[in-house]
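Visitor: Structure in structure tokens, see below.
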Amino acid sequence: AQSVTQLDSHVSVSEGTPVLLRCNYSSSYSPSLFWYVQHPNKGLQLLLKYTSAATLVKGINGFEAEFKKSETSFHLTKPSAHMSDAAEYFCVVRPNQAGTALIFGKGTTLSVSS
Amino acid sequence: GAVVSQHPSRVICKSGTSVKIECRSLDFQATTMFWYRQFPKQSLMLMATSNEGSKATYEQGVEKDKFLINHASLTLSTLTVTSAHPEDSSFYICSARDSLQSTGELFFGEGSRLTVL
């Protein structure tokens, strides 16, 4: 069975400090992994994705994530938080099967203070 | 990038009425679309997989007679909430996969917020 666990429901940082949003996954297959961001009352925007290529994935807005198979983790990081980064972040797994939908984590709310 | 459009973005209806939400892939063809539901401050839960030209596949616990899905063309899927009740109030999001892309990346609509009075 496939699942994804976001270890923190809420993360608070100050502007300019690093961001770490943690995600662990469970998958019977070699998964594809994604991070999505959702601003209030908005749809989802893809930040980055891992699809069995390079384990360090760079995304938009300065975010990156590292796929660590030994730790079954796919943590999202950013060196310096910006106020506009405040949003809900979802770690998502898709088993590498055609037509299979995405499995979402419960989300992490990122708050950024000035 | 690919665009998925949802309409309406917000809808308020009276209890007992039906509401239709459209999901369109604007610049690609999608043989498969997915409908998700999101309760406040919660994650997205897959409701059903919509397949062009065939019946939708519903997740366990989702009433197929309550949430009617039609995927009549390669660019349009509709979700109709029939006889809506206040507990159906939620944020509904669709996603679509570009049929011609080997990566099978999913693109999401902006979501539709349904409020049932």
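Computed from the coordinates by the stated procedures, all read-outs in this text should not be read as laboratory data. What you are looking at is a predicted structure, and each value in this text was computed from that prediction instead of being measured. Quick reminder, even Gly has a Cβ in these numbers, built from the backbone with ideal geometry, and neighbours come from all protein chains shown.
Visitor: Compute, for region B:1-110, the length of the dipole vector about the Cα centre, with Cβ point charges of +1 (Lys, Arg) and -1 (Asp, Glu) only. Units Debye, rounded to 20.
Guide: Charge dipole of region B:1-110: 240 debye, to the nearest 20.
Visitor: Turning to a different aspect of this structure: Using 7 Å Cα-to-Cβ label points, what is the B:D27/A:L56 separation (nm, one decimal)?
Guide: 3.1
Visitor: Now for a different question. Which order do B:L76, A:L76 fall in if you start with the one that has the fewest other Cβ atoms within 10 Å?
Guide: B:L76, A:L76
Visitor: Dipole of region A:1-93 (Lys/Arg Cβ +1, Asp/Glu Cβ -1, origin at the Cα centre): which of A:P31, A:S9, A:G59 lies farthest to the positive side?
Guide: Positive-most Cα among the choices belongs to A:P31.
Visitor: Related question: Which residues among region B:75-117 fall inside the zone where the amide N is under 11 Å from a point 7 Å beyond the Cα of B:K66, along Cα→Cβ?
Guide: B:82-89, by backbone N distance to the label point.
Visitor: For a quick check of your reading of the filter: which GluC sites (Glu not before Pro) in region B:34-110 sit in a DSSP loop and have no more than 11 other Cβ atoms within 10 Å?
Guide: Sites meeting the loop and neighbour criteria: B:E63.
Visitor: Residues with beta-carbon under 12 Å from that of A:P31, excluding A:P31: net charge, scoring Lys, Arg +1 and Asp, Glu -1?
Guide: +3
Visitor: Right, next: Among B:L117, B:I21, B:V11, pick out the residue whose Cα is farthest towards the positive end of the charge dipole of chain B, where Lys and Arg carry +1 and Asp and Glu carry -1 on C-beta, about the Cα centre.
Guide: Selected residue: B:L117.
Visitor: Can you compute the charge dipole magnitude of chain A about its Cα centre, using +1 on each Lys and Arg Cβ and -1 on each Asp and Glu Cβ, nothing else charged? Give it in debye, rounded to the nearest 20.
Guide: Computed charge dipole of chain A: roughly 280 debye.
Visitor: What's the magnitude of the charge dipole for the protein assembly as shown around its Cα centre, counting Lys and Arg as +1 and Asp and Glu as -1 at the beta-carbon? Answer in Debye, nearest 20.
Guide: 180
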